[in-house]
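One structure is given here, and the rest of the page talks about it.
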Amino acid sequence: MYKNIALWIIIALGMAMMYQYFNESHSVDLPYSAFISQISNGSIKKVAIKENKITGEDTSGKRFETYFPTDEQLIPMLKERGVEIHVIPTDTTIYMILSWAPMILLVVFWMFFMRQMQGGGKGGAFSFGKSKAKMQDADKNKVTFKDVAGVEEAKEELEEIIDFLKDPKKFQKLGGKIPKGVLLVGPPGTGKTLLAKAVAGEAGVPFFYMSGSDFVEMFVGVGASRVRDLFEQGKKHAPCILFLDEIDAVGRHRGAGLGGGHDEREQTLNALLVEMDGFDSSEGVIMVAATNRADVLDPALLRPGRFDRKVIVPNPDYRGRLAILEVHAKKVPLADGVKLDDIAKGTPGFAGAELANLINEAALLAARRNKERVDIADLEEAKDKVMMGKERRSAVISEREKRNTAYHESGHAIVARMTAGADPLHKLTIIPRGAALGLTMQLPQDDKYTITKDYLLGRISIMMAGRAAEKLVFDHYSTGASNDLERATKIARNMVTTYGMSDKVGPVTYSKHENTVFLGRELSSGALDYSEQTKVLVDGEISGILNGCADGAMKILSGNRTLLDKMSDLLMEQETINGDDVTKLINEYADEKWREVAAKNLAEQETENSERNK
Ligand code: ADP
Ligand code: MG
Ligand code: ZN
């Protein structure tokens with residue numbers, strides 16, 4: 001409609017200009033002096049005066065025009081010669097339009113632009129305010145609960161939502177209120193997005209997907225208008241699911257920014273809160289949101305009546321991993337006799353996405369090797385790749401550096417075997433992977449839920465052992481140990497400030513103040529609300545733990561120098577050795593006393609393993 005008006009105005013203007021052009025092209029420009037003398041000659045028939053412009057016709061019918069200065073004698077002179085005089089008022093309509101044209105054009109354009117901003121136009125260049133929500137129809141590429149494995153508790157909780165979406169009336173009969181929003185919380189890659197899609201698929205309702213970052217745009221107010229649009233669409237398509245992925249992008253704690261309060265994100269969040277209050281879940285619209293940062297969300301989002309149900313989606317345990325592997329392995333041909341439970345056992349801490357990735361990598365590896373089926377070797381290699389990054393066989397590393405790495409990794413491995421309660425040794429390698437020059441890999445036997453102080457001390461000792469080996473053999477420290485130190489320090493700090501494992505500091509927690517969200521956790525946490533003395537005490541305890549562990553590692557290694565040399569020789573030769581190789585070396589070269597310790601630890605690991613398999 002506005003487009004049409006603009007078009008008509010342009011056409012009218014064009015016509016007016018053309019009229020003017022033709023109108024004037026017939027007339028001759030006459031100097032004022034010539035005009036005066038023609039009046040005296042009596043050859044002027046009539047004139048039209050408009051402001052200081054005179055147009056007219058002479059007796060022969062020729063048209064002319066001229067401009068006159070303020071000349072008071074002109075009119076008496078014309079009258080005297082009997083010339084017909086017309087006086088034209090200044091503003092005829094055409095002149096009006098012409099002089100107002102720029103203004104009118106501006107207004108028309110503005111109205112046009114505003115309408116687009118509001119999201120009235122369909123997909124126009126200016127449709128910022130549209131929600132951009134991607135709708136997925138119930139029937140198309142349907143995801144169901146069968147595709148999501150290993151998160152049984154989460155599925156159970158979501159089942160209720162599905163029942164409601166299938167038959168809303170049944171639940172309202174007894175006056176029960178259906179939750180408005182469900183918040184899926186869990187680490188990245190655990191299948192939150194997948195779960196939400198499965199809920200829509202199971203319930204057979206439309207599913208609107210939007211990510212928190214979709215709300216963030218250059219223009220202020222756009223996010224808020226997108227939120228409103230999303231809810232509008234939801235109401236139109238009820239019953240349906242509105243899924244807000246990565247909600248922490250908009251849902252962060254308000255008023256915590258560095259740059260003052262009322263920013264764009266805050267407006268968006270406010271709009272979201274208002275909309276959530278404004279709709280009634282009995283209409284059949286349910287909000288599902290996902291985040292891996294529930295701790296930073298604004299409390300207002302979590303209160304009853306908004307996201308009042310929290311569903312935790314944790315990293316899968318052994319059984320969950322097996323189930324997820326099975327789901328994804330259905331898509332690739334497996335060789336006979338491949339046992340996925342070995343892979344499931346060897347991947348503690350893996351999220352669903354990593355397991356899916358593992359199967360995919362294995363299929364690619366098998367294809368590259370021209371195999372018909374994926375076998376256990378492919379799966380093992382894919383596991384290492386996903387766990388530790390791709391091997392960088394092409395990296396050029398000098399003999400000296402390799403030797404250094406070999407001692408470093410051997411140090412880790414030896415101390416790992418001689419520490420009671422440590423995780424079993426999987427393999428060690430001096431082939432660079434990802435950013436690391438070498439790796440010693442231990443695999444936790446099962447998913448650990450509670451961890452003891454001794455176990456943590458053991459971990460730190462093992463981490464310190466790489467550096468200790470370098471010091472013992474070459475009498476130098478290298479940068480290769482920086483990652484070990486960083487992780488060790490983090491553990492030690494947590495032991496003292498979070499887990500209350502230091503007797504001197506006592507059963508207090510000194511960490512994490514979660515209010516200054518914008519600065520990020522690490523920067524803002526702790527350190528603010530305890531005294532200088534405590535600070536000194538805490539720091540002392542942390543370095544005490546680290547030093548104690550480093551000394552312990554050094555003691556083990558210096559007592560087993562031959563073993564250390566032999567192990568790094570073998571590593572130089574083979575580049576990768578496994579737990580059995582280490583056992584053999586220890587039996588042959590370890591110091592008598594330490595050999596017994598290592599044997600006892602190994603036996604313990606084995607009994608634990610067989611117990612678990614029962
Ligand atoms: P999140 O949203 O929690 O970060 P996604 O749902 O996007 O994780 O998961 C990414 C991919 O990982 C999925 O598409 C799927 O292939 C795989 N995946 C993750 N968790 C599971 C699971 N529990 N069962 C099956 N596949 C999963
Ligand atoms: Mg996701
Ligand atoms: Zn190391």
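Worth a mention:
- The stretch 145-241, accessible area per residue, ligands and nucleic acids excluded (1.4 Å, Å²): 45 Å²
- Legend: calculated FRET efficiency, LYS170 to ALA12, from the Cβ-Cβ distance at R0 = 60 Å, rounded to 0.05, equals 0.45.
- The stretch 468-513 - Debye-derived log10 I(q)/I(0), Cα point model, q = 0.17, 0.24, 0.28, 0.31 Å⁻¹: -0.61, -0.78, -0.92, -1.03
- Three principal axis lengths of the stretch 171-222 [C-alpha, angstrom, descending]: 47, 29, 21
- Helix axis angle, 399-417 relative to the chain longest principal axis, alpha carbon, degrees: 60 degrees
- Listed residue (ALA553, ALA329, ILE577) projecting farthest to the positive dipole end of the chain, Cβ model: ALA329
- Relative compactness, the chain, computed as alpha-carbon Rg over 2.2 N^0.38 Å: 1.60
- Rolled with a 1.4 Å probe across the full set of protein chains, the surface gives GLU470 an accessible area near 0 Å².
- Links that overshoot a 32 Å alpha carbon limit, given the list LYS192/LYS371; LYS339/LYS490; LYS385/LYS593; LYS192/LYS490; LYS192/LYS383: LYS192/LYS371; LYS339/LYS490; LYS385/LYS593
- Environment charge at ALA198 (Cβ cut-off 11 Å; Lys +1, Arg +1, Asp -1, Glu -1): +2
- A 1.4 Å probe run over the stretch 354-412, with the rest of the protein chains in place, finds 54 Å² accessible per residue.
- For peptides 148-155, 592-599, sequence by mean Cβ density within 10 Å, most packed first: 148-155, 592-599
- Angle in degrees between helix 579-589 and the longest Cα principal axis of the chain, rounded to the nearest 10: 40 degrees
- Per-residue ellipticity at 222 nm from helix content only, as computed over the chain with -39500 (n - 2.57) for each DSSP H run of at least four residues, stands at -16500 deg cm²/dmol.
- Angle in degrees between helix 152-166 and the longest Cα principal axis of the chain, rounded to the nearest 10: 30 degrees
- Candidate lysines - alpha carbon under 16 Å from LYS390, same-chain residues fewer than 8 apart omitted: LYS427
- Diffusion coefficient, µm² s⁻¹, Stokes-Einstein with Kirkwood Rh over alpha-carbon pairs of the stretch 344-483 at 25 °C and 0.890 mPa s: 148 µm²/s
- Cα-based reach from LYS170 at 19 Å (exclusive), listing lysines while leaving out same-chain residues under 8 positions away: LYS180
- Note on the chain: dipole from Cβ charges, positive end direction compared against THR429, ILE542, THR347; the farthest Cα belongs to THR347.
- In terms of its C-alpha gyration tensor, the stretch 200-249 has an oblate overall shape, because the principal axis ratio a/c (a ≥ b ≥ c, square roots of the eigenvalues) is not below 1.5 and a/b does not outweigh b/c.
- Net charge over other residues, Cβ less than 12 angstrom from the Cβ of GLN73 (K, R count +1; D, E count -1): -2
- Lys/Arg +1, Asp/Glu -1 at C-beta; the stretch 355-492 dipole; positive extreme among MET464, VAL374, VAL415: MET464
- When peptides 557-564, 294-301 are sorted by average Cβ neighbour count within 10 Å, with the highest value leading, the order is 557-564, 294-301.
- Protein heavy-atom accessible surface, 1.4 Å probe, per residue over the stretch 262-318: 38 Å².
- Peptides 270-280, 401-411 ranked from most to least packed by the mean count of surrounding Cβ atoms within 10 Å: 401-411, 270-280.
- When +1 charges are put on Lys and Arg Cβ atoms and -1 charges on Asp and Glu Cβ atoms, the dipole computed for the chain relative to its Cα centre reaches about 1100 debye.
- Within straight-line cross-link reach of LYS53, lysines at Cα separation under 21 Å, skipping those fewer than 8 residues along the same chain: LYS45, LYS62, LYS79
- The chain - percent of accessible surface contributed by carbon and sulfur, probe 1.4 Å: 54 percent
- The chain: relative contact order in percent, alpha carbon pairs under 8 Å with at least 6 residues between: 10 percent
- Formal net charge of residues neighbouring ARG433 (Cβ-Cβ distance under 9 Å; K, R +1; D, E -1): +1
The values are calculated or read from the model by the stated rules, or taken from the named source; none is laboratory data. In this text the structure is predicted, and so the values were computed from the model without any measurement. Cβ atoms come from the backbone with ideal geometry, glycine included; neighbour counts cover every protein chain shown. Ligands, DNA and RNA are stripped out before the accessible areas are found, and what is left, the full protein with its side chains, is counted by its heavy atoms. Shrake-Rupley method; radii C 1.70, N 1.55, O 1.52, S 1.80 Å.
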